[in-house]
Amino acid sequence: MNYSTEEILRIEQKWQKHWEDQKVFRARVDPEKEKYYCLEMFPYPSGKIHMGHVRNYTIADVLARYKLMRGFNVIHPMGYDAFGQPAENAAIKRNVDPGEWTYGCIDQMRTELKRMGFSYDWDRELATCDEEYYKWNQWIFLKMHEKGLAYKKASAVNWCPSCETTLANEEVINEQCWRCKTEVVQKDLDQWYLKITEYCQALLEDLDTLSNWPARVVTMQKNWIGKSYGVDMRFSVKGFDEEIIVFTTRPDTIFGATYVVLAPEHPLVSRLVSGTPQEAGVKEFIARVSNVSKTLRVSGEKEKQGMFLGCHAINPVNGEEVPIWIADYVLMDYGTGAIMAVPTHDQRDFLFAKEHDLPMRIVIQDPQHPQQTVAQMQEAYVAQGQLVNSGPFDGINNQEAIQKIGQWMQEQGTGTISVHWRLRDWLISRQRYWGTPIPFIYCDACGTVPVPEDQLPVKLPSNIKITGEGGSPLNHCPEFLNVACPSCGKPAKRETDTMATFFDSSWYFLRYCSAREDARIFNPEEVAYWMRVDQYIGGIEHAILHLLYSRFFTKFFKTLGLLDFDEPFDKLLTQGMVLKDGEVMSKSRGNTVDPDDVIARYGADSLRLCILFAAPPEDQLEWNDGAVDGSWKFLNRVWTLVHTRYIFVEDEHVNAEDLGPESVAMERIRNFTIKKVTEDIESCKFNTAISSLMILLNHIDKYGVDADDADRQVILNRSIRAMVLLLAPFVPHMCEELWKVMEGRQELPLERQALSIARLTWPRYDERALKQDTVLVVAQVNGKLRAKFDMDADSPEDKVKEIVLQDPKIQQYVAGKEIRKFIYIKNKLVNIVV
RNA sequence: GGGCAAGUGGUGGAAUGGCAUACACGAAGGACUUAAAAUCCUUUGGCCGAAAGGCUAUGUGGGUUCGACUCCCACCUUGCCCACCA
């Protein structure tokens, strides 16, 4: 009796077909039932699934199938994040149409997903490159424009010279393009932005409601949004009718501000140096700085560069004249683009002041070295202390001074208490073909005109020549480019920018709820029923961008009145990476293992089991080829068990206690396993759930049953049935087959047989059966384990003390010594301190 | 530089204040076999010992506790994320 490869593959295909034909996993709104929305991050359709997908989707599938057996109305959809650069790259390389290439990949991908036996409702499948999908991207964009959330702005943007496109800050990693690793440069362009900053406060505040998210994801988002409280201070410029507003979170140090620094791009700079001897040098400096990409400019390793502008500002609190500089370490797009420099209490200012020989003054005293002088300072003093040299504020604690000076300046009219955010508006324009066209038209007469809703979608033209050169291919496509102005009818030009693909993935979970709806973005009743997502599962790499954008869209839809909740995802699980030989498995490293090869040899069930058993879901997983073999061995044992030892017997009303201690123990282990597996799945500890099923199997194997012992066979059958049901979410194909085998042994008529094991009820356990009559109590002397005792459960302390102290082994250690303490933890442990 | 996570046998891992090393993988030995595969059985942290048993071990060093892999402090290493944010 062997669960052979041929048999595995035949059985897996058979059940996959059955699930599909019978639509076992089709989800329909049912107000009578509690719903469960299980969602995994949809894949980019590269064609082949990799081990990361297998892990992600297997975790989700266990939860979806488990919840189904628990009686929930489960929605478990799948789709494809199908726009993006790889399709264009493929087009360039192989001279194919990106659309054809993508849909080809999707077909392949779907086959691979089906081969894994995932419980998707395929009727809800979608691809973001479907017209029916991206039409609604355009619709959302128009709504955002209506509400003032989509706007165009000329700005210096990160530009990848190789891809010839702009990149969001988030797509620039270590000064390089996140995809092609080319060095990013700065370029001035007219670009579309989404005003995500409008939702800063809500995006920050509502993080506190996400108690079922990993704390670190919440922290990362908090830091990314980056709220800081401070004061906008007004420095007037000597000899000019100008003011410099600086933002600081440290108003307590204002009396130590010995110079002011503007960002090189600050609009005031050119006015201040115009016609002065400094002008030429400053212009040259700015040109030099602006050529350097932003990320390189702010990378801490580089020496801070700057220039004196030749003029002075007035410190508003003491009237002191301080020099005005420009420097590359001050950024135009944070705060006000200008800072007051307090070199004694800010490390960046300290280094810059040392380098350029600028004045310093201590205004916060270190309580440890109260007499320290500027000359003695090796670095800025950034810790707490008492204010000195600070006029009326001398002597007070600097924490207190932050409040007081802010208040005081506000009263004096020299400053305003303010809040600044780190989060920037979201640059959405891409100079690419394979994305959602931004639905706008440029007319010489009417300006920038939105495409009317009834003309959506603005379709992507097909049969486009993609060369990878000369910017967006849409610029070279007259049929697309030339259009009549919707407003005046005169010849006009279409916007050729497409949307960043993060737009597409910011709302797909809503579309799944009514994926075939064509008159509306979604059906509000269905969304009201299915949303929010109960469990979202995906990689940690999306902790900031995708999750933040999805939260933003949800809040925007609520503003539109389309939704009545604030947050899209209740629980979030971020699964760990799959490693091979200690490194992340990736194509570029060439250390991938193809899931297909594993399936061809062992089947999907073994692969699923193996990847769940190898590590807890959040941890990194070190791939080990041998481990699949171990999973298969276990399945093979279960297979053999059912075939050789499941003999149906009628009477189930058998009491284990009448059959002796072995049967009682068998029943206890069965009940305990049900409890343990249930709790472990609920808390996503699949590895220990599986190990307890292995323990159950080991016990079943040892529980002997004679050929004619029908009563013990009843006990055995209970365990075998529990085993198959508990295992079903993990290894669905084999369990379906085994259930059929068991129904066959019972000779159940066809109409009473289960449609699918996934539609059966999850086993229940009996708390009473978990009780043990005797328990193992271990005895320690001075914390060291010395003896073990079998005791009646819940024995009183006196009795335990008597037994333990009489034991010769214990006597060996306590005889003749004073017993100072006797600690008894019921049913567990005794510790004698001598 | 900052933040977060992790560090336990040959390997993946288990135990979240109470028997450290569950469950597997691997390895060794045995049974079955002409033989091999598969399967089954036994052993398997280290050291000492013939055995009984003892000692020792959860990155390092301290601390709290009757008792610490678990809690606290400091440090080391690795990984991930952020990084001139005023």
Checklist entry - Is it the case that A:S162 is within 18 Å of A:I428 (Cα to Cα), modelled with pLDDT under 90 and of a type in the set (S, T, Y)? => result no
Checklist outcome for this item: Residue count, the stretch A:515-557, condition aliphatic (A, V, I, L, M), closer than 24 Å to A:D30 by Cα and surrounded by fewer than 17 Cβ atoms within 10 Å (Cβ to Cβ), comes to 2
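Tell me yes or no: at least one residue of the stretch A:755-776 is modelled with pLDDT of 90 or more and of a type in the set (G, A, S).
Yes, that holds for at least one residue.
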Checklist entry - Would it be correct to say that A:P31 is within 28 Å of the chain's Cα centre (by Cα) and not charged (D, E, K, R)? => result no
Next on the checklist: Condition first: free of Cβ contacts under 8 Å to residues at least 60 places away in the same chain, surrounded by 12 or more Cβ atoms within 10 Å (Cβ to Cβ) and either touching a strand residue (DSSP E or B) at 6+ places or on another chain (Cβ under 8 Å) or not in a loop (DSSP other than H, G, I, E, B) (or both). Now tell me which residues in the stretch A:448-466 satisfy that.
Outcome noted: A:V449, A:Q455
Item to check | Those residues of the stretch A:30-60 which are touching a helix residue (DSSP H, G or I) at 6+ places or on another chain (Cβ under 8 Å) and closer than 17 Å to A:L572 by Cβ, in sequence order | outcome: A:Y36, A:Y37, A:C38, A:L39, A:E40, A:M41, A:F42, A:R55, A:Y57, A:I59
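Pick out the one residue from A:A728, A:A787 that is at pLDDT 95 or above and small (G, A, S).
Every option except A:A728 fails the conditions.
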Checklist outcome for this item: Note on the stretch A:220-231: residues near RNA strand B (Cβ under 10 Å from one of its atoms) and more than 12 Å from the chain's Cα centre (by Cα) are A:K222, A:N223, A:W224, A:G226, A:K227, A:S228, A:Y229, A:G230, A:V231
Checklist outcome for this item: Expected single match for over 27 Å from A:E265 (Cβ atoms) and hydrophobic (A, V, I, L, M, F, W, C) among A:M307, A:M332, A:M377 is A:M377
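Show me the helices (runs of 4 or more DSSP H) entirely contained within the stretch A:51-120 in which 2 or more residues are surrounded by fewer than 19 Cβ atoms within 10 Å (Cβ to Cβ).
A:85-94, A:98-115
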Item to check | Check on A:Q806, farther than 28 Å from A:N671 by Cβ and either modelled with pLDDT under 85 or of a type in the set (S, T, N, Q) (or both) | outcome: yes
Item to check | Subset of the stretch A:544-575 (residues that are under 14 Å from the mean Cα position of the chain (by Cα), assigned to a loop (DSSP other than H, G, I, E, B) and without any contact (Cβ under 8 Å) to a residue 60 or more places away in the chain) | outcome: A:P568
Item to check | Within the stretch A:685-713, considering residues that are among the aliphatic types (A, V, I, L, M) and over 44 Å from the mean Cα position of the chain (by Cα), the one surrounded by the most Cβ atoms within 10 Å (Cβ to Cβ) | outcome: A:V705
Checklist outcome for this item: If we take the stretch A:620-727, then helices (runs of 4 or more DSSP H) inside it with 1 or more residues that are more than 12 Å from RNA strand B (Cβ to nearest atom) and closer than 16 Å to A:D605 by Cα are A:710-727
Checklist entry - Out of all the residues in the stretch A:386-400, is one or more within 16 Å of RNA strand B (Cβ to nearest atom) and surrounded by fewer than 17 Cβ atoms within 10 Å (Cβ to Cβ)? => result yes
Item to check | Only one of A:K153, A:K135, A:K114 that is charged (D, E, K, R) and in contact with a Leu (Cβ under 6 Å, 6 or more places away or on another chain) | outcome: A:K135
Checklist entry - Would a scan of the stretch A:318-330 turn up a residue that is away from RNA strand B (no atom under 13 Å from the Cβ), farther than 27 Å from A:K304 by Cβ, touching a residue at least 12 places away in the same chain (Cβ under 8 Å) and of a type outside the set (G, A, S)? => result no
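The values are calculated or read from the model by the stated rules, or taken from the named source; none is laboratory data. These numbers were taken from a predicted model, which means no experiment stands behind them. So basically every Cβ, Gly included, is an ideal-geometry build from the backbone, and we count neighbours across all protein chains shown.
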